[in-house]
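Undergrad: Handing you this structure, nothing more for now.
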Ligand SMILES: NC(=O)c1ccc[n+]([C@@H]2O[C@H](COP(=O)([O-])OP(=O)(O)OC[C@H]3O[C@@H](n4cnc5c(N)ncnc54)[C@H](O)[C@@H]3O)[C@@H](O)[C@H]2O)c1
């Protein structure tokens with residue numbers, strides 16, 4: 001499908017995982033993709049015919065420059081996928097998690113989404129059209145006894161902020177949705193669970209589909225939200241979780 005033909009799309013966290021798969025999917029749908037990450041994504045941009053920007057999305061000046069640059073190079077911003085995020089090991093139970101980890105996670109996961117929306121929205125409002133997708137998580141919707149307290153709080157913030165922006169700008173042609181993925185089989189997660197199968201089993205038992213998602217399955221949902229196929233979808237918590245949030249008892 002070429003649902004994003006001629007569209008300009010910004011993807012943060014494009015070097016890896018969901019952001020990388022989505023950059024490829026957006027390009028396959030016809031978009032020109034601006035790949036953004038702390039690390040250089042020039043190779044990916046070359047592969048998909050896009051444009052790479054190295055930026056720290058937790059830094060206001062960098063985000064302002066990013067969107068000013070996209071506007072001056074491409075003339076518009078049709079899609080903004082604010083997806084970069086961190087989940088560091090020093091973010092754990094509230095009893096152990098220090099203020100440094102708390103503030104770092106909130107800054108990278110939540111403040112960055114505030115900044116991305118703050119600088120993408122004026123461009124989209126001027127166009128009278130745009131789609132913003134902010135990556136939250138299923139942990140914004142349900143509690144885990146295996147806590148990462150700052151991460152969970154940060155994703156709750158993304159969810160509430162996205163809903164409010166979706167409502168505020170609904171009549172001006174801009175849609176804002178929060179994406180809530182379930183656990184995705186990223187290399188990091190798989191390595192962790194390969195070392196500790198009991199840890200993996202504890203989580204897998206709650207997934208009705210019985211496996212973790214592939215990044216491409218999340219990318220397919222993002223491409224839908226970015227496209228006009230989702231023209232009546234805004235302010236949503238768009239859940240792509242293999243049934244986790246709907247389950248009480250899962251199949252054996
Ligand atoms: N993997 C999962 O199971 C899962 C589940 C639900 C939600 N999520 C969320 O999805 C998003 C992507 O996750 P992923 O698994 O693809 O992660 P990943 O670690 O594979 O990729 C994240 C990318 O973000 C970049 N990044 C981190 N901090 C940045 C910063 N300050 N500025 C610019 N780039 C920065 C990293 O360099 C990396 O390339 C995150 O927001 C994550 O919280 C992931």
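Undergrad: Arrange the peptides 82-89, 12-19 so that the one whose residues have, on average, the most other Cβ atoms within 10 Å appears first.
TA: Order by mean packing, descending: 12-19, 82-89.
Undergrad: So, one more: Which angle from 0 to 90°, rounded to the nearest 10, does the C-alpha axis of helix 60-74 make with the longest principal axis of the chain?
TA: So the helix axis and the longest Cα principal axis differ by about 50 degrees.
Undergrad: Can I ask one more? What nm value, rounded to one decimal, do you get for the distance between residue 229 and residue 5 when each label is placed 7 Å out toward the C-beta?
TA: If labels sit at residue 229 and residue 5, their model points lie 1.6 nm apart.
Undergrad: What percentages, rounded to whole numbers, describe P(r) for the chain computed over all alpha carbon pairs with 10 Å bin width beginning at zero?
TA: 8, 32, 38, 19, 4, 0
Undergrad: Mind jotting down the distance between the C-alpha centroids of the stretch 49-125 and the stretch 202-252, whole Å?
TA: Computed from Cα coordinates, the inter-centre distance equals 23 Å.
Undergrad: Would you mind listing how long the stretch 147-232 runs along its three principal axes, going by Cα atoms, in whole Å with the largest first?
TA: For the stretch 147-232, the Cα spread along each principal axis is 49, 28, 22 Å.
Undergrad: Can I ask one more? For residue 59 and residue 188, compute 0.36 nm times the residue count separating them, minus their Cα-Cα distance, and round to one decimal in nm.
TA: Length gained, residue 59 through residue 188: 43.9 nm.
Undergrad: Give me the angle, in degrees from 0 to 90, between the Cα long axis of helix 149-168 and the longest principal axis of the Cα atoms of the chain, rounded to the nearest 10.
TA: Result, in degrees: 40.
Undergrad: While we're on this one: Evaluate E = 1/(1 + (r/R0)^6) for residue 28 and residue 73, where r is the Cβ-Cβ distance and R0 equals 22 Å; express this FRET efficiency to the nearest 0.05.
TA: Calculated transfer efficiency: 0.55.
Undergrad: In nm, give the distance between the simple-model label positions of residue 201 and residue 40, each being 7 Å from the Cα along the Cα-to-Cβ direction.
TA: The modelled label-to-label distance comes out at 4.5 nm.
Undergrad: Additional query: Can you put 171, 25, 211 in order of Cβ neighbours within 10 angstrom, beginning with the fewest?
TA: The order, fewest Cβ neighbours first, is 171, 211, 25.
Undergrad: Mind checking the angle between helix 17-28 and the chain's longest principal axis? C-alpha axes, 0 to 90 degrees, to the nearest 10.
TA: Roughly 40 degrees between the two axes.
Every read-out reported here was derived from the displayed coordinates using simple, explicitly stated rules and does not represent laboratory data. Every value quoted in this text rests on a predicted model; they were computed, and no experiment measured them. Cβ sites come from the backbone with ideal geometry, for glycine too, and all protein chains shown count toward neighbours.
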